[in-house]
Each structure stands twice: as structure tokens, then as C-alpha cells.
1. Hey, any idea what % of the range 27-69's accessible area is carbon plus sulfur with a 1.4 Å probe?
2. Per 0.36 nm of contour for each residue apart, how much would the distance between Leu13 and Tyr57 grow if the chain were fully extended, relative to their Cα-Cα spacing?
3. Given the Cα-Cα distance of Leu23 and Thr47 and 0.36 nm per residue of separation, how much length would full extension add, in nm?
4. Taking the chain as the reference, fit the longest principal axis to its C-alpha atoms, fit the long axis of helix 6-40 to the helix C-alpha atoms, and give the angle between the two in degrees, 0 to 90, nearest 10.
5. How much area per residue is accessible in the chain when the probe is 1.4 Å and only protein heavy atoms are counted (Å²)?
6. Over all directions, how big on average is the projection of the convex hull of the alpha-carbon atoms in the range 21-66, in square nanometres?
7. For helix 43-68, report the angle its Cα long axis makes with the longest principal axis of the Cα atoms of the chain; keep it between 0 and 90° and round to the nearest 10°.
8. Full-extension gain between Val34 and Val65, please, as 0.36 nm times their residue separation minus the C-alpha to C-alpha distance.
Amino acid sequence: MTTAGNAAVYVDLARVSADDFYLVALLSLVAVFVVLLALLRSLVAATVLLASVVVSYAAALGVGVLVFQ
């Protein structure tokens with residue numbers, strides 16, 4: 001049975017957007033890690049810098065939530 005209407009379209013769009021977000025985030029982190037490895041030639045330094053990027057992103061989201069809610 002197929003469901004139609006605006007609600008079904010929005011549910012499908014939200015599901016696809018969430019899946020795409022996780023895929024793009026993962027690919028971006030891998031690409032940044034590879035570039036850091038190539039530039040720094042150090043696994044530890046690249047890992048620390050990538051972790052700082054992830055923590056900075058999380059902090060920016062947290063500040064955004066605090067400010068706008």
C-alpha cells in the first residue's frame with residue numbers, strides 16, 4: 001500500500017536527508033584525516049587535530065542551541 005500526501009513526502013525527505021548527512025559527515029572526516037596525514041605525516045597529530053574538529057563542531061552546535069532556544 002502506498003501512502004501519498006504532504007506528510008508522507010516530508011517523512012521520506014527527512015529520512016533521506018538524515019542518511020545523506022551521516023554519509024557526507026563520514027566522508028568529510030575521512031577526507032580531512034587523509035589530508036592531515038599527508039601534510040603532517042604523523043598519525044597522532046592527525047588524530048588529535050581531527051578530534052579537535054569534531055569537538056569544535058559539537059561545541060558550535062551546543063552554543064547554537066543555547067542561544068536560539
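The values are calculated or read from the model by the stated rules, or taken from the named source; none is laboratory data. Because the structure is predicted, anything quoted here is derived from the model rather than measured. Side chains included, ligands, DNA and RNA excluded: accessible areas come from the protein's heavy atoms. Shrake-Rupley method; radii C 1.70, N 1.55, O 1.52, S 1.80 Å.
1. Details: 2760 of 3400 Å².
Its accessible area is 81 percent carbon and sulfur atoms.
2. Length gained between Leu13 and Tyr57: 13.4 nm.
3. Working: separation 24, 0.36 × 24 = 8.64 nm, distance 1.98 nm.
Stretched out fully, the Leu23 to Thr47 stretch lengthens by 6.7 nm.
4. Computed tilt is about 10 degrees.
5. With all protein chains present, the chain gives 85 Å² per residue.
6. 3.3
7. 40
8. Values: separation 31, 0.36 × 31 = 11.16 nm, distance 3.09 nm.
Length difference between fully extended and current span is 8.1 nm.
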